[in-house]
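The values are calculated or read from the model by the stated rules, or taken from the named source; none is laboratory data. Everything quoted here is computed from the prediction, not taken from an experiment. Cβ atoms come from the backbone with ideal geometry, glycine included; neighbour counts cover every protein chain shown.
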Amino acid sequence: MKPTLSAPQKQLAKHCYWDAEAQTLWLDCRQWLPKYGVVSIPSWDAMMLSADPIADYPAELQIFNWSNQPQLAFWRKQIPNWVKESCALFPSYQLRLLHFVARYPQLLELLDHSPMLAWRLVSSSLTESEIVQVLQDKRTHLMAKLGWPGSHEAVSFLQKLRLRFVNSNIVESVETCLLDDERLQGLQSLPRVNSMALSLAARFPALIGARLHQNLAKLPCRPLQCQKMIACLEDVYRAAAVLQPPETDLKAIASARYLVDVEKIYQAWWFLAAQQASSTVDLGLTQQPVRLTLKQQWQALSVLQHHYWLTDWSDFEAGKVSLWVRHAEQGIEAILLLHPSAAEKSQDQQNNMSGAIVRGRQADNQLLNAEQLSYWHCWLAGGEQAD
């Protein structure tokens, strides 16, 4: 899955010009990112052979995630596929990373064995000469220079990472696991750490090494799968805090084989009771969002969507959140809206906003998709909700 590109970056792929004689790709940013003007990018061969200092490339250019337009394809052709794929993992500094791994064999090796560490090194504040000097040290010393634990366990953890994408959440999860010794030690038993295993370790440390964690680490995963995993586990632990299920049920979460088993545990805790309590409630839904203010309405929506909204009922009573629902073409959609504090209200009113989306669901406890979220954000921006 490719990252979502900004509109300017989508256009830049069409404004590349390959100079075969000079072995240079010219990138015309003047219309779309004018602060960068025209950027010159040497070919892969030129990067390897030239002794000129590595240029200060615009960090935000995700050139390996652009569509492969003909002019860009000429430049890409020289670069080994695995190098392109490794650079494409990261949301920034793709060109700087590419040039460094072309110039310095030690960094090319580091990209192969520990791409996250290679990216962290070239995206740091170190100069080219300082990076070259650090590359002569042991990996543990390199880690310490970057502010990470200089331990063999930390080096091993980064080598075990098998990521298909890197975003701000993944970077934060890596930092969390590296800087917490218990998490770091717990992850040593896994033969590999994919994005789901990483996210679970960062968000739910009690599950590290459990059967569920080990099984998730074996699965191929993509960004949406990580989001679903985190949402599923947050749902079940939020419900557990309210419903206080037997200890055996909580242990069953860790010993589950797959997330579908966790979802079954979650549904079994509350569904029948809520169904009986809400069987005669009419929500009166329309295509326009409606605010639910009665507990029976919250129960009825929980049954309709298979999502236990009542975990947030106490926050609603305290005036902290509100629950909004509508009947759209794709079915019933709902969001939980967090109200700003008194200190934030004046700024929010200037921005024509009255809260932020905490959680959103559609049928069968599924997350809202991009189109559905776009509707709700536009609705919020329009200030159509009542105070």
For this session: Filter region 305-330 for residues that are among the small types (Gly, Ala, Ser) and in a loop (DSSP other than H, G, I, E, B) and give the result.
Result: 318, 319
For this session: Specify the residue that is surrounded by the most Cβ atoms within 10 Å (Cβ to Cβ); the eligible residues are those in region 333-387 that are among the polar types (S, T, N, Q), at pLDDT 70 or above and in a helix (DSSP H, G or I).
Result: 372
Seminar exercise, completed: Subset of region 137-180, residues under 19 Å from the mean Cα position of the chain (by Cα) and aliphatic (A, V, I, L, M), comes to 158, 161, 163, 166, 170, 171, 174, 178
Seminar exercise, completed: Exception for residue 313 within (1) assigned by TED's automatic domain parsing to the domain that holds residue 204; (2) at pLDDT 95 or above falls at (1)
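Residue under question is residue 54, and the condition is that it be assigned to a loop (DSSP other than H, G, I, E, B), at pLDDT 95 or above and either touching an Asp or Glu at 6+ places or on another chain (Cβ under 9 Å) or loosely packed, with under 14 Cβ neighbours inside 10 Å (or both); does it hold?
yes
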Problem set entry | Tally, over region 90-116, of residues that are among the small types (Gly, Ala, Ser) and in contact with a strand residue (DSSP E or B) (Cβ under 8 Å, 6 or more places away or on another chain) | 1
Exercise. Within the set of pairs 6 or more residues apart or between chains, which connect a residue that is in contact (Cβ under 8 Å) with a residue 24 or more places away in the chain inside region 202-230 to a residue that is part of a loop (DSSP other than H, G, I, E, B) and surrounded by fewer than 22 Cβ atoms within 10 Å (Cβ to Cβ) with Cβ atoms less than 6 Å apart?
Worked result: 211/255; 212/256; 215/257; 217/190; 222/1; 223/1; 223/165
For this session: Being within 19 Å of the chain's Cα centre (by Cα) and either of a type in the set (D, E, K, R) or surrounded by 16 or more Cβ atoms within 10 Å (Cβ to Cβ) (or both) is the filter here, so list the residues in region 224-247 that pass it.
Result: 225, 226, 228, 229, 230, 231, 232, 233, 234, 235
For this session: Sort through 110, 126 and tell me the only one that's in contact (Cβ under 8 Å) with a residue 24 or more places away in the chain and of a type in the set (A, V, I, L, M).
Result: 110
Seminar exercise, completed: Here the residues within region 3-21 that are modelled with pLDDT under 85 and either assigned to a helix (DSSP H, G or I) or loosely packed, with under 14 Cβ neighbours inside 10 Å (or both) are 4, 6, 7
Seminar exercise, completed: The residue from 218, 251 that alone is charged (D, E, K, R), surrounded by fewer than 20 Cβ atoms within 10 Å (Cβ to Cβ) and within 26 Å of residue 302 (Cα to Cα) is 251
Seminar exercise, completed: Taking region 170-182 and keeping only residues that are surrounded by fewer than 18 Cβ atoms within 10 Å (Cβ to Cβ) and within 19 Å of residue 229 (Cβ to Cβ), one is left with 171, 172, 176
Exercise. Hey, any hits in region 191-204 for a residue that's crowded, with 17+ Cβ neighbours inside 10 Å, more than 20 Å from the chain's Cα centre (by Cα), modelled with pLDDT of 95 or more and assigned to a helix (DSSP H, G or I)?
Worked result: no
Exercise. What number of residues in region 132-190 are in contact with a Lys or Arg (Cβ under 8 Å, 6 or more places away or on another chain), among the basic types (Lys, Arg) and without any contact (Cβ under 8 Å) to a residue 40 or more places away in the chain?
Worked result: 2
